[in-house]
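The values are calculated or read from the model by the stated rules, or taken from the named source; none is laboratory data. The structure displayed is predicted, hence computed values, not measured ones. We place every Cβ from the backbone using ideal geometry, glycine too, and count neighbours over all the protein chains shown.
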Amino acid sequence: MALAQAGADAARAAKPIVYAMQDRNGEMISKAVPDASGKTLKGEIEANVKKGSTIHTDEWSTYRGLDKKGYTHSTVEHGKGEYARDGSHVNTVEAFFGIFKRSIRSTHVAVSQKHLPKYLMEFEFRQNLRKQPHLMFLRMLSFQS
């Protein structure tokens, strides 16, 4: 049992950490980050979210203190079976991760740390244009040089 746990811990430690945010009516952004510390994740929030905005998260302790940084912070408590409350949820970001993970597992099996940002950009592109699929092809062509 200890060996299995040690192997599981090593596998978890080797996995890259991906962070994502979505404006409630806007675009998804995602990024591979070096760690899941409060300093790193709050730094990403401060770099991408306007002060005074409302931020919806799960109950993970890393997000505590966002109110002291000038944000309104609303949480849902997954540990208590709560997934939405008074308009607060993280379902869109979790769905993004689910689609991303299923695609990697089924199509690519694995993705190297080197190429992870490219795959994230592809899935951001798909997510952000999901309601305007007629624009996807034209935008992809505009990326060609």
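Tell me, which residue of the stretch 13-53 that is part of a loop (DSSP other than H, G, I, E, B) and among the small types (Gly, Ala, Ser) is farthest from the chain's Cα centre (by Cα)? The qualifying residue farthest from the chain's Cα centre (by Cα) is Gly52.
Here Ser74 clears all of (1) touching a helix residue (DSSP H, G or I) at 6+ places or on another chain (Cβ under 8 Å); (2) surrounded by 14 or more Cβ atoms within 10 Å (Cβ to Cβ) except the condition numbered (1).
Within the stretch 16-58, being surrounded by fewer than 10 Cβ atoms within 10 Å (Cβ to Cβ) and either at pLDDT 90 or above or over 19 Å from Val93 (Cα atoms) (or both) holds for Pro34, Asp35, Lys39, Ala47, Lys50, Lys51, Gly52. Restricting attention to the stretch 62-86 and to residues that are of a type in the set (Gly, Ala, Ser) and over 20 Å from Tyr19 (Cβ atoms), the residue that is farthest from the chain's Cα centre (by Cα) turns out to be Gly81.
Annotation note: Cβ proximity below 8 Å between a residue of the stretch 106-132 that is over 15 Å from Met21 (Cα atoms) and a residue that is of a type outside the set (A, V, I, L, M, F, W, C) and at pLDDT below 90 (sequence gap 6+ or interchain) occurs for Gln113/Pro16; Leu116/Pro16; Tyr119/His108; Leu129/Arg139.
Every condition in (1) under 21 Å from Ser30 (Cβ atoms); (2) assigned to a helix (DSSP H, G or I) is met by Leu141 except one, and the failing one is (1). Kindly evaluate Val111 against the criterion of being at negative phi, out of contact with any Leu (no Cβ under 6 Å at 6 or more places or on another chain) and part of a helix (DSSP H, G or I). No; evaluated as a whole, the condition is false for this residue. Residue pairs whose Cβ atoms lie under 6 Å apart, separated by 6 or more positions or on different chains, with the first residue in the stretch 72-84 and charged (D, E, K, R) and the second surrounded by fewer than 16 Cβ atoms within 10 Å (Cβ to Cβ) and not in a strand (DSSP E or B), are Glu77/Glu59.
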